[in-house]
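Enquirer: There's a structure below that I have some questions on.
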Amino acid sequence: MVGAALAEAITHPAAGAALDIEQVSHAFDIDGAELPVLSDVSISVEPGEFVALLGPSGCGKSTLLRLVAGLDKPKAGRLREDEERIRSPHPSRVVVFQDPTLFPWRSVWDNVALGLEAQGILKRQRQRVDDALDLVGLSSFRKAYPHQLSGGMAQRVALARALVNDPKILILDEPLGKLDSLTRITMQAEIVALWQRKGFTTLLVTHDAEEALVLANRVIVFSERPARVKADIRVDRPYPRHRGDPYLADLRRQILGLLGLDATW
Amino acid sequence: MSTYSLSDGLASGAPRTSRALLLATWLRESGVGVLASVAWIAFGLSCLWWEDVGDWSRTHSLGIAAFIIAAVALFGTVGADYLGSAGQALHKRAPWLVALGTLLTVWEVATAKFAWLPLPFFPPPQAIIEVYTDDLPKLLDSVFASVKLQLGGYLIGATVGFLTGVSIGWSRAIGYWVHPVLRFIGPLPATAWLPIAFFTFPSSWSASTFLIALATGFPVTVLTWSGVASVSNAYYDVARTLGAKPSFLVLKVAIPAALPHVFVGLFMGLGSSFAVLVVAEMIGVKAGLGWYLQWAQGWAAYANMYAALIVMSLLCSGAITLLFSIRDRLLVWQKGTVKW
Ligand SMILES: Nc1ncnc2c1ncn2[C@@H]1O[C@H](COP(=O)(O)OP(=O)(O)O)[C@@H](O)[C@H]1O
Ligand SMILES: [Mg+2]
């Protein structure tokens with residue numbers, strides 16, 4: 001059984017896309033030597049699912065996300081979005097990176113408008129930019145420049161810049177990794193709320209097991225580089241979830257054990 | 001504290017104390033303005049007090065003008081409260097007015113009155129004023145010619161340099177061909193081309209335009225190129241996942257990100273093109289301020305040379321100021337940019 005939110009999402013089947021990662025392997029050439037990064041990774045994601053990816057630092061999580069986004073091509077295997085091969089980036093799959101990477105020369109509004117402008121539909125759909133800014137609660141900062149924003153605000157703008165495109169798959173690469181813990185908790189709640197409202201499929205990389213468990217339907221744990229799927233854990237808990245939930249605490253212990261941290265727990 | 005001891009020395013009565021206090025505060029606020037006025041009165045007096053050692057027609061008018069400036073400084077200081085922003089502007093510049101007035105007084109005395117500095121190499125201020133009033137048409141013609149030549153050459157050089165820089169920063173194939181040429185020819189001072197340019201081009205004017213464009217184009221190309229090359233890949237990744245096509249990546253990502261570098265190139269190009277302008281005018285064009293300088297030297301008209309130099313520096317400084325204000329407008333998003 002999946003969570004109530006997923007059930008709600010499934011009532012709008014158009015919102016999220018299915019994602020199939022099939023026997024994907026990838027490697028980088030570093031000075032002639034080959035560095036294997038992904039080893040035969042297969043993951044099948046249902047439309048509207050919220051999947052968290054956990055793994056040791058440097059194991060290849062970001063690399064996998066870049067393949068899903070279509071920014072790079074895998075050395076072996078296939079990736080498909082709703083049965084269609086992923087060959088290049090497409091605004092139906094948008095990435096929010098760990099650094100907000102806002103364009104410093106654009107105001108907040110213009111940053112959020114980037115996707116619509118790039119696709120040549122901004123003139124007719126300016127309202128969508130305003131709506132996205134409303135969604136992340138930054139309407140009053142529309143004219144500000146990135147250097148005037150705090151870290152949390154900048155990451156919210158990056159989120160709005162992704163959401164304005166109505167993505168079918170939202171790809172989050174440790175988006176909250178650099179924020180202070182208070183801002184993190186607030187933004188975790190916001191991300192869940194947005195996902196429940198919009199129903200997109202979400203792929204979240206995080207190094208925080210608790211974050212994964214509070215947010216996701218499913219937690220996938222990777223091995224050391226080259227990354228293999230080590231465990232695929234369902235989290236059958238309704239939202240909003242509580243950090244103190246003993247069921248989640250149990251899962252957390254289990255995950256930390258998989259990551260080789262049982263001694264501390 | 002100092003006001004206390006001052007009032008102490010004057011008298012012991014309470015009203016007098018406060019009046020002395022008022023005077024002291026007023027002096028601290030307005031002292032420099034009054035001093036400016038005094039310095040310009042001194043300059044005016046130095047013009048009118050002694051006889052000139054030479055034959056200059058504007059000494060009297062210059063003295064009067066100095067008194068007028070002194071009066072403006074004084075009333076501007078006294079009435080600062082009623083003048084609003086103009087009063088404040090004067091207050092801010094008062095120290096400079098003092099320095100200028102003093103300098104002019106010394107200059108006047110050292111040249112026109114006692115000739116401590118050898119004439120005619122060091123003409124007095126009135127001689128330079130005389131150039132501006134009596135030789136104005138020729139000077140204006142020269143200014144016009146210089147501005148026209150500089151503007152044409154600079155705009156061509158900046159445009160070509162910018163486009164070349166973007167192309168080699170963006171395209172490997174173009175970089176392969178243009179980069180070696182740039183490395184080979186770029187560092188050569190543009191003036192080295194002068195003799196060749198003047199007989200291969202149809203006119204000395206087109207030759208000079210070419211040289212100015214060359215001097216501008218090299219730094220603009222190199223810095224635009226390095227600006228485009230140093231744009232973080234993260235920006236391209238973001239734009240690509242949002243559906244950007246290559247043209248969008250060039251126009252809306254690479255170029256705006258490189259713009260701070262481009263402006264450094266534009267500033268460097270402006271500097272080196274000024275040098276080429278003056279040399280080209282002296283040697284080939286027979287018009288413009290460089291030529292005016294040359295001509296004045298031929299006639300040993302030193303006052304004219306100083307007059308032309310002052311105009312030239314105002315023009316160059318004006319051009320830099322203009323470029324700075326364009327930059328500030330385009331790069332408002334940068335924090336902590338240098339104020340010119
Ligand atoms: N463009 C690249 N070229 C070479 N090596 C890379 C590149 N990107 C990542 N790597 C290497 O691949 C490994 C996995 O990186 P990454 O996917 O970023 O890990 P993480 O799981 O921390 O996100 C790392 O060892 C990294 O050094
Ligand atoms: Mg990473």
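The values are calculated or read from the model by the stated rules, or taken from the named source; none is laboratory data. All of these numbers come straight from a predicted model, not from anything done at the bench. A quick note on method: Cβ atoms are made from the backbone with ideal geometry, for glycine too, and the neighbour counts reach across all protein chains shown.
Enquirer: Does B:V276 qualify as being away from chain A (no Cβ under 14 Å), in contact (Cβ under 8 Å) with a residue 12 or more places away in the chain and surrounded by fewer than 21 Cβ atoms within 10 Å (Cβ to Cβ)?
Expert: Judged against the criteria, B:V276 is not a match.
Enquirer: Have a look at B:A73, B:A65 and point out the one that is farther than 20 Å from B:A307 by Cα, assigned to a helix (DSSP H, G or I) and not assigned by TED's automatic domain parsing to the domain that holds B:Y302.
Expert: Only one candidate qualifies: B:A73.
Enquirer: On to the next question. May I ask you to list the residues in segment A:68-88 that are free of Cβ contacts under 8 Å to residues at least 60 places away in the same chain, away from chain B (no Cβ under 14 Å) and in contact with a Lys or Arg (Cβ under 9 Å, 6 or more places away or on another chain)?
Expert: Selection gives A:R78, A:R85.
Enquirer: Applying the selection to segment A:156-195, what residues are within 16 Å of ligand 1 (Cβ to nearest atom) and in contact with a strand residue (DSSP E or B) (Cβ under 7 Å, 6 or more places away or on another chain)?
Expert: The answer is A:I171, A:L172, A:D173, A:E174, A:P175.
Enquirer: For a quick check of your reading: which helices (runs of 4 or more DSSP H) sit entirely within segment A:43-142 and have at least 1 residues that are within 16 Å of ligand 2 (Cβ to nearest atom) and either within 27 Å of A:V219 (Cβ to Cβ) or modelled with pLDDT under 95 (or both)?
Expert: A:61-69
Enquirer: Which of the residues spanning segment A:174-184 are away from ligand 2 (no atom under 16 Å from the Cβ) and either within 14 Å of another protein chain (Cβ to nearest Cβ) or in contact with an Asp or Glu (Cβ under 9 Å, 6 or more places away or on another chain) (or both)?
Expert: A:R184
Enquirer: How many residues are surrounded by fewer than 22 Cβ atoms within 10 Å (Cβ to Cβ), charged (D, E, K, R) and over 20 Å from A:A18 (Cβ atoms) when one looks only at segment A:53-103?
Expert: 4
Enquirer: Within segment A:196-222, work out how many residues are within 16 Å of ligand 1 (Cβ to nearest atom), closer than 14 Å to A:V45 by Cβ and of a type outside the set (A, V, I, L, M, F, W, C).
Expert: Adding up the residues that qualify gives 0.
Enquirer: Something else: Those residues that are outside any helix (DSSP H, G or I) and buried (at least 17 other Cβ atoms within 10 Å of the Cβ), I need them from segment B:296-330; list them, please.
Expert: B:A301
Enquirer: If you don't mind, there's one more thing I want to ask. Within segment B:208-263, take every residue that is more than 10 Å from every other protein chain (Cβ to nearest Cβ) and not in a helix (DSSP H, G or I) and give me the one that is surrounded by the fewest Cβ atoms within 10 Å (Cβ to Cβ).
Expert: B:S230
Enquirer: The conditions are (1) at pLDDT 95 or above; (2) over 20 Å from B:I174 (Cα atoms), and B:V262 fails exactly one of them. Which is it?
Expert: Evaluating B:V262 over (1) at pLDDT 95 or above; (2) over 20 Å from B:I174 (Cα atoms) leaves (2) as the failure.
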